[in-house]
Amino acid sequence: MEYLKKSLKRYLALNQIQKDIELMKTLTPQRAAELKEKIKDTEKSLPFHILSAYRHLAFMSHQGILWYDMGLPVIGRMELITKRIKTFLEEQEKLLRHITPKYILQKAFGNTEAEKGLVEVFEIFLKTPGLPLLENINVLKEAVINGAKTGILGIKIENEIYFKQTVERIPEEAIILRPEIAEQLKQRQFQQKVEKRVVEDGQTPTPFFLLQRDCLPHFNLRPESPGTNSIAS
């Protein structure tokens, strides 16, 4: 920090001399050229001194604040401090560009939690000490879309359930579901659609256990235990 202060004072003082027209008239061409060169050299050194002074980064963890030393910058290389911080966080895996669907369930869901809003999950990664940051909400959206496709998790968008199927894009109002919950809701949704179609055709609705046997062989449904009505059971 001391080197930065000295460099800034030197740079400001030299610039002040250059702006003083009357004083510049008293300088010989050689001294004026030397002044210009000194200003140029001081200006070149400032980025290095700034990055050196602000090389320590604080990160909140479960144990409290942890300090990281990003090291000395490369002399002569122009680099924005924001870019340097971002690169360092990525190297330390404190800022993530990609996550897996399983990682969402492991880090953002409690053992008894069946669903969570997309924005709520994103804020958990932003606010929870010890958890890495996500580069943006699109990182989360990409993982959720992959999870819905592979059946690792489900998505509820308005009244529609997406599970083991492709979703092109999801709104921020979407709800993330545990896979077992998504599967049960998907089955129930299918049952309701079939029953609605049957009623519209003027036929007698087929009991769901027959639909389960004849229409849903790929779901591998199991009857609920006596007294169990909750989908989160």
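For Glu34, Glu90, Glu200, the sequence from fewest to most other C-beta atoms within 10 Å is Glu200, Glu34, Glu90.
Largest GNM mean-square fluctuation across Lys19, Lys94, Lys38, computed for the chain with C-alpha springs under 10 Å, falls on Lys19. Most mobile of Thr26, Thr150, Thr87 per a Gaussian network model of the chain (Cα springs, under 10 Å)? Of Thr26, Thr150, Thr87, the most mobile in the Gaussian network model is Thr26.
Pairwise Cα distances in the chain exceed 24 Å in 65 percent of cases.
Between Ala53, Ala114, Ala148, the Gaussian network model of the chain with springs among Cα atoms under 10 angstrom shows the greatest mean-square fluctuation at Ala53.
Coordinate-derived values only; no laboratory data. Quick caveat: nothing in here was measured; it's all calculated off a predicted structure. Neighbour counts are summed over all protein chains in view; Cβ atoms, including those assigned to glycine, are modelled from backbone coordinates with ideal geometry.
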